[in-house]
Each structure stands twice: as C-alpha cells, then as structure tokens.
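The structure under discussion appears below in the form of structure tokens.
Nothing in this text is a laboratory measurement; each read-out follows from the coordinates by a stated rule. No experiment lies behind these values; they were computed from the predicted model shown. Here the Cβ positions follow ideal geometry from the backbone for every residue, glycine too, while neighbour counts run over all protein chains shown.
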Amino acid sequence: MKMVKTTLAIVTTAAVLGVSGFAQAGATLDAVKKKGFVQCGVSDGLPGFSFTDAKGAYKGIDVDVCHAVAAAVFGDASKVKFSPLTAKERFTALQSGEIDVLSRNTTWTSSRDAGMGLVFAGVTYYDGQGFLVNKKLGVNSAKELDGATVCIQAGTTTELNLSDYFRTNGMKYTPITYDTSDESAKSLEAGRCDVLTSDQSQLYAQRIKLAQPDEYVVLPEVISKEPLGPAVRRGDEEWFSIVKWSLFAMLNAEELGVTSKNVDEMAKTPKSPDIGRLLGIDGEYGKDLKLPKDWAVQIIKQVGNYGEVFERNVGAESNLKIKRGLNALWNQGGIQYAPPVR
Amino acid sequence: MQNTGNASPASGSFFTDPRKRAWLFQIVAVVIVVAIGWFLFNNTQTNLQHRGITSGFGFLQNSAGFGISQHLIDYTESDTYSRVFLVGLLNTLLVSALGIVLATIIGFTLGVARLSPNWLIRRLAGVYIETIRNIPPLLQIFFWYFAVLSPLPGPRQSLELGEVFFVNNRGLYMPAPVAAPGMWPFWIALLVAVVGSVLLRRWARARQHLTGLPFPVLWCSLGLLILLPGLTVVISGVPFDWDMPVLQGFNFRGGWVVIPELISIVMALSLYTAAFIGETVRSGIQSVSHGQTEAASSLGLRPGLTLRLVIIPQALRVIIPPLTSQYLNLVKNSSLAAAIGYPEMVSLFAGTVLNQTGQAIETMMITMSVYLAISISISVLMNVYNKRIALIER
C-alpha cells in the first residue's frame, strides 16, 4: 500500500526529472497561476496543525499557511488543494513536483535544507521533542525511561533525537516505528509501547484524540529543537520569496496590530508608515514579489495575522490550549520575528 | 557458372540477406535502448544536481542514528546505513522463510484434507480455503496484530508457562541458549550423527535396489541424531547455559523475544498463502488419474503408502509451478509488514532510510533489486527442483 504510493512518487520523480528541463525561477508561480490553485502538502491528521473538520474542510496552522499563500497569489484564500502526506512521503512529493508547498509540521534541519533539494521558507512554530506516557507507569522524568519501549513515527527527526538522547544518558530503549501518528497513538493505548515520543505540540494534539486523555501525561523534558516551517523546492527563488513573505506578512501584521477585523480600515487610513508599506498603500513592495499590490491585505483579511491564526488553531480558542511561549513575538518574550517590509 | 560452395540462398545485397538484416535490426534496437537509458540517467543526474539533491551511494557509509526494534545481527544506532540495509534484508528473509515453511505445511495438509473421504474434514478445509483466500492479506495482518495480539496483558501481568516462557503484548519471551565453554564434543557428535545418517540412507537405498529388502532408515537416523549428542551431554555436561528472560523495569530483559509484529505477519501470510497452496495441491492430486490409485491398491499398497509413493510424486509435477508463484507472492506480500511497524526492507530501507537521506531514487532502486533477486533465486531453485521431479519419459 505504502510501497505502491512511494513507488508511484519515485516514478513520477524520475519522469518529471526526465522530461522537464531545469527548474527555473518563476516556473512554480507561472504553473500555479495557470492551474488556478496552490497544491499544498499537509499532515494526514493532526489537530491544530492540519486535520479535516466535520464538514471535511482542512483546518490548522499549517493549513492556514497554505491559505495565506493562495490569498497572496490569487487574492482568494480558498484556492488551495491539499495533499495529505505521511512523514515518509512528504519530501518525495515536494521533490517530484506533486505539491507546490510542503506545510506539514516539518523540522528545519541542515541536511533537509541543503541535501534534499528543498529550502525552508521560515518557522511557523517553534517546537521541541517530548514524551507522552501513561500515568500508571509512575514515571515523572524522561531520565527514568531506561529500558522502555518507545513508539515513533517513521522518517522523522524525532527518530534520530530519541536515539541521541538515550545514548547520551546511557539508557536503552526499543523503538517501534509506525507510518502514521494515529498508528503510534493506537499502539500506546494498547500498551505495545510505554512511551510515545514526538514534537510536544503533536503530543498535546494526540493526547486529546486518545480515549482517556486524562490517563496520559506529557513529561517535562524537551530534548530537542524543532523549528517547524513550510518548505519549497530548491531553485525557484521567486516562489520561495512568496511563501516566505506570506508568513512574514502575518507576523508583521500581528506586530503592527493589524487584524482581520481592522485591516480594511487600516488600509484606508494607515496609522503608521510601516502599516502603509505592509498593506500596499505606500511603495510597490507587492510588485517586487510578483504579487498584487494588496497581497498582505488579502492574507490578513482572509486568514488573519499570526496571533489570530495561532490562537484559533492551537491556542486559547482551540482544544489544545497551547501557550504562546517561544512562539510569542520577539517584543513580547518570544522569538517570532519577521524582517520589515521596506 | 555453378554455385556449389555457398549454401546461403541470397548472399548478394546486404539488405536482401535475412540474417544480416536481422543482425542490423538487433543492433539498432540495442543502440536505441542504451541511448534512452543513458539519456534518462544523465538527465536525472543533471536535474538532481541542479536542484541540490545529493545523489550516489555514498550515504550507505554514513551513520544511521536511529534504533531498530528487531535485528538478527548486532546493530547499534551508530552503525551505517548499509548495516541497516542488511538488518532489513535479514528481517524480510526471516518472514519469507518462516512463511514459506509454515504455508507449505498447512497448505499440503489442507489440500489433502480437501479430498478426504471424511465429510466433516473435507467441508472444514473447503470453508477455510474459501474464507481465508477471499480476505485481503493486509486486513488479516491487522486482524492478528490489533485483534489477537494487542489485547494481551502488559509485561507486568504476563501469562507465563513454568516461569520460563512469558507471553504479553510486547511479544513471546523465551530462554536463549548461550554456548557454554567446552561444548566441542557436542558439535562433533552432532556432525558424526548427521554424516552417519546420510551414509546410512545411501547404503539402505543401494541395498533395497539390489535385494528389495527395506531398512528403517528414518528411525535409525533419528536414534543416531538423538543418542550420539545425548551421550556427550551425559558425559561432559549440558552444552548450553540458558539466558532467562527476567522482568526488569518496563520490560523483560534477556532471553529471546519474538515480537508481536513478526508473529502477526508470519501468521497472516502463512495462513493466507496456505489457502492458495491447498487448492494447488488439491488440483495436483486430482490430476493423477484414479486408475493409479486402483493399480496401487491392487498391488497391495496401503492408502498412506499409495499417497506417498504413487500419487504425490506424480502430483508434484503439476503442483510445483503454481507453488513457485505462491512462494513469490508470499515474499512480495511480506512488504505489507510495513503497515504494522515490522522493520523489514520496505519499512526500514525504502521508508526510514529514504526519508532520513532524501535519496529516493537510490534507495528504491536498491530495494527493488533486492526483491527481484530474492524472487529470481526462489524461481531458479524451484525450477531446478521441478526438473528433478519431472516425469522422465522413456
């Protein structure tokens, strides 16, 4: 099943690489405009990041990044089609041109950024790896996990961090590797493994999916840096800039106090020159990016600023209730920071 | 002028000679195939380079850095990707080998049972075959994994058998033999017994050929195989120490463990394939005309002997070719184990390694060649066996 999918992807890779010439700057934007939508690779079901609601619509912080790109390009945030991908499938899908943007809680690492033909366009969520255990085991710290059986998702940085952490602390473990996060969660519930390890945000998201969430706790240790962000194919700087600045526009909007509610008003009478530049009142900053003048207005109006997106999907207004923490803006105690529009 | 020396009818023009023409076409075909292959390779290479995707097989020497739940050879996280490949290959081979042996045994039993004169046995075998072979193997794997093995109790509430075997949802734990010092007499005795059995069998065959007198080879060999090594155990002590599984912390430590992923995949695949083998065996047996059975009975052979000496050898000719395809199917289906997290080739190498290195083309190429190699080896072996048992017409 998975093999067929992967093989198909490989064959497509070979075929695409075979027939298309060099990837050129601008090729992706032209192709996206021609087909009329952005093809976006997302997770196959992770509350808060990307999941389908009762009506079958995709929701989540990763999904909103895709909507923002569509809003910037087309002025219409709904012009997105989603490809749900497992961790194993994601890079091949992007390499082969099956998707235009990969926005799938993917950790930015040097080998992925440089050796796999991708470039990361920024960080949507600063995360770190943690552990989820059953309370019955009576474990209070990750240091007490010597000899544990651990469920992980295949093909993630988590797999490598886990091994590093146990080796550094001179502990042993048995890994059980599944393709999807749902399978690992099911296994944790069945008691096949003692611990589930993943990015902390994912652990909270998976916990609320369990039958009895209260019986499980997330251990306090964070054992790695996991900056999660969208990635695009290497070699098309124009598209790279569009994705990058769609994200930055949301961050800048929050910093400048522009929200989906007041953006129209602000666009009429900008309160500061910064806001004027962001919303396309002053200067031709959209044109530089090969985007319409009101690109940022559309993003903010239809998707919201970063703060709104965060609170709606993973923060106080969601079931996950994750605090801003590292993901607060730089001037509010966090490390989220976007270069200025100028 | 008479043309006596040259036998070829048309040797004049290059294009009118069918043999030369055939050569020309073949050369052209080869050139085209090579050119296309070269173009694809070259274009892929250039594009990979342009997009900054690392290519080549150098990654095999890099350290893998992740753990594997089941490895038949020593493996630690600091080992290389090529070691991971070996681990995955051995795990695939283990599933295939166990599956083939079990499926063959169950399948032959089913096939014979399907033709049993006993109504109940015949019907039961029929119902089994019709049910099992019509359910997709992936569902059967899930059934064994999630419905049969997952509900077992956790390690601290393990079911135990004489404080030696333990069953829980982490697997089946059993004592592992560890070679004790001074066990060489045991191995020598075992070797002598094996060689002795082979020689005995040869001698008995030759004697039966000459005189017609049968010799109980099976019983004598068994006796030899048990008695000789047994004697050394009595004289020089037990050749093994037992490494017992002990509950410690979260899990049992020590001993051998058969993980539930392995049990699920082997059970599912062997029961599934056995249903097909059963039908193959039944059709093989039915292809031998009933006259053979009657002839054998009239010679005074008992039903068991008739089946073993007359029917099965003739049926095998019909059974072996489709049996080979069943074996090949089983090997290929073993890749379904990826769905339950058993670390075989596809999940480990074409999955995790592909993802950690991003080198899709190389890892998929290696994986596909491995399956091809395993399948071809099985075909070749089965063809050799088929030749040996083929009816020799005189």
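Report the local net charge at A:V150: Lys and Arg +1, Asp and Glu -1, summed over other residues whose C-beta lies under 11 Å from its C-beta. Once positives and negatives cancel, what remains is 0.
For the peptide B:43-52, the mean number of other protein chain Cβ atoms found within 10 angstrom of a residue's Cβ is 6. For B:L247, the residues whose amide H sits under 5 Å from its own are B:R253, ignoring neighbours fewer than 5 places away on the same chain, with H placed 1.01 Å from N. Within the same chain, lysines fewer than 8 places from A:K287 are excluded, and of the rest, those with a Cα less than 16 Å from its Cα are A:K33, A:K244. The simple spin-label model puts a point 7 Å past each Cα toward its Cβ; for A:S78 and B:W203 those points are separated by 9.1 nm.
When shorter helices are ignored and each DSSP H run of at least 4 residues is given -39500 (n - 2.57), the per-residue value for the protein assembly as shown at 222 nm works out to -16000 deg cm²/dmol. A straight Cα-to-Cα reach below 15 Å connects A:K290 with the aspartates and glutamates A:D30, A:D236, A:E237, A:E238, residues fewer than 8 places away in its own chain not being considered. Per-residue 3J(HN,Hα) values for the stretch A:176-183, derived from phi via the Karplus relation 6.51 cos²θ - 1.76 cosθ + 1.60 with θ = phi - 60°, read 10, 9, 10, 6, 10, 5, 5, 4 Hz in sequence order (x marks Gly and Pro).
By the beta carbon rule, with partners counted only under 4.7 Å, the protein assembly as shown holds these lone Cys residues: B:C220. In terms of the mean number of neighbouring beta-carbon atoms within 10 Å, the peptides B:159-169, B:307-317 order highest first as B:307-317, B:159-169. Using C-alpha pairs below 8 Å separated by at least 6 residues, the relative contact order for the stretch B:116-193 is 14 percent.
3J(HN,Hα) along the stretch A:29-37, derived from phi through the Karplus expression 6.51 cos²θ - 1.76 cosθ + 1.60 where θ = phi - 60°, amounts to 4, 4, 5, 5, 5, 5, 7, x, 7 Hz, with x in place of Gly and Pro. Over 30 Å apart at the Cα level, from the set A:K79/A:K268; A:K35/A:K321; A:K268/A:K323, are A:K35/A:K321; A:K268/A:K323. Summary value for the stretch A:187-283: 13 percent relative contact order, contacts being C-alpha pairs under 8 angstrom separated by 6+ residues. For A:K172, the lysines whose Cα comes closer than 19 Å to its Cα, not counting residues fewer than 8 places off in the same chain, are A:K143.
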